[in-house]
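Peer 1: Before anything else, here's the structure in question.
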Amino acid sequence: NSDVAGMAALIGQHRLDPNAHPQYATQTAIQTASLVYAKDVGAVNAYRANYTPAISALVDGMTLGCQATSSNAAAATFAVNDLPAKPLLGASQVPLQGGEIKSGGKFIAMWHADAASWILLWASGGAVQVGNATQSAHAVPLAQAQAIAAAAVKKSAPRKLMMFIGSA
């Protein structure tokens, strides 16, 4: 059929060559997630990952995954391909304190352009940074829990404090 032959010729003319058009993802890149996932090649507290094809600019909301080669011991940075390293903040948008990222673990970070920082959205096996609780079902960070307990000690007899922390 001449219609089928014509269509085949048209498709053949417009087939994309990934080497000639590096801005297009290859099937392999999609199936291996190399567009958005890479292994860390940085140092302790200075994570760096090289994505394929290379990321040449950070875009607000860009979300990338990485497998860390080391645990963070304090504040950390994250660099993508040849771009400069930027701060990696926790979910409450303050610098990491240590223990949020584990060696060999994976993490997901989102670029927050207004903060000029990466926000750690998730990390396997690491501690989770949370902001101060303002509602009854919110998680409570250690500093807030310690302040509540200290205030309870000042106001209560020891027996009431034991009830507060769940002991009988």
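The values are calculated or read from the model by the stated rules, or taken from the named source; none is laboratory data. Only a predicted model underlies this, so the values are computations on that prediction, with no experimental measurement involved. Every residue, glycine among them, receives a Cβ derived from its backbone with ideal geometry; neighbour counts consider all protein chains shown. Protein only, heavy atoms only, side chains kept; ligands, DNA and RNA dropped before computing areas. Shrake-Rupley method; radii C 1.70, N 1.55, O 1.52, S 1.80 Å.
Peer 1: Hey, could you check the stretch 125-137 for residues that are without any contact (Cβ under 8 Å) to a residue 12 or more places away in the chain and of a type in the set (S, T, N, Q) and say which is least open to solvent (accessible area, probe 1.4 Å)?
Peer 2: Filtering the stretch 125-137 down to residues without any contact (Cβ under 8 Å) to a residue 12 or more places away in the chain leaves 133-137.
Imposing the further condition that a residue be of a type in the set (S, T, N, Q) reduces the set to 134-136.
On the way: Thr134: 106, Gln135: 121, Ser136: 128 Å².
This residue is Thr134.
Peer 1: Tell me whether the stretch 86-96 contains one or more residues that are over 13 Å from the mean Cα position of the chain (by Cα), assigned to a loop (DSSP other than H, G, I, E, B) and surrounded by 15 or more Cβ atoms within 10 Å (Cβ to Cβ).
Peer 2: Looking through the stretch 86-96, none of the residues is over 13 Å from the mean Cα position of the chain (by Cα), assigned to a loop (DSSP other than H, G, I, E, B) and surrounded by 15 or more Cβ atoms within 10 Å (Cβ to Cβ).
Peer 1: Give the stretch 40-71 a look and list any residue that's open to solvent by 60 Å² or more (accessible area, probe 1.4 Å) and in a loop (DSSP other than H, G, I, E, B), or say none. Before you say what the answer is, go through the steps one by one.
Peer 2: Our first condition is that a residue be open to solvent by 60 Å² or more (accessible area, probe 1.4 Å); within the stretch 40-71, this holds for 41, 44, 48, 50, 52, 54, 56, 59-60, 69.
Residues satisfying the conditions are Val41, Val44, Asn50, Thr52, Ala54, Ser56, Val59, Asp60, Thr69.
Peer 1: If you scan the stretch 100-124, which residues turn out to be surrounded by fewer than 15 Cβ atoms within 10 Å (Cβ to Cβ) and part of a loop (DSSP other than H, G, I, E, B)?
Peer 2: Ser103, Gly104, Ala116, Ser124 - these are the residues of the stretch 100-124 that are surrounded by fewer than 15 Cβ atoms within 10 Å (Cβ to Cβ) and part of a loop (DSSP other than H, G, I, E, B).
Peer 1: Can I ask one more? Pairs please, first residue from the stretch 39-56 and free of Cβ contacts under 8 Å to residues at least 24 places away in the same chain, second anywhere and in a loop (DSSP other than H, G, I, E, B), Cβ atoms under 7 Å, 6+ apart in sequence or on different chains.
Peer 2: Pairs found: Thr52/Ser34.
Peer 1: Hey, another quick one. Return the residues of the stretch 53-68 that are closer than 18 Å to Phe107 by Cα and small (Gly, Ala, Ser); say none if nothing qualifies.
Peer 2: Gly61, Gly65, Ala68
Peer 1: Going by the structure shown, is Gln93 of a type outside the set (Val, Ile, Thr), at pLDDT below 95 and at positive phi? Walk me through how you get there before you give the answer.
Peer 2: On the way: of a type outside the set (Val, Ile, Thr): yes; at pLDDT below 95: yes; at positive phi: yes.
Considered against the rule, which asks whether it is of a type outside the set (Val, Ile, Thr), at pLDDT below 95 and at positive phi, Gln93 comes out as yes.
Peer 1: Can you name the condition, by its number, that Glu100 falls short on among (1) farther than 24 Å from Thr28 by Cα; (2) out of contact with any strand residue (DSSP E or B) (no Cβ under 6 Å at 6 or more places or on another chain); (3) without any contact (Cβ under 8 Å) to a residue 40 or more places away in the chain?
Peer 2: The failed condition is (2).
Peer 1: Determine which single condition Ala74 fails, assuming it passes every other condition in (1) surrounded by 17 or more Cβ atoms within 10 Å (Cβ to Cβ); (2) part of a loop (DSSP other than H, G, I, E, B).
Peer 2: The single condition Ala74 does not satisfy is (1).
Peer 1: With farther than 27 Å from Ala25 by Cα and of a type in the set (Gly, Ala, Ser) as the only criterion, which of Ser71, Ser117 stands out? Break it down stepwise before answering.
Peer 2: Numbers: Ser117 fails: farther than 27 Å from Ala25 by Cα.
Answer to the check: Ser71.
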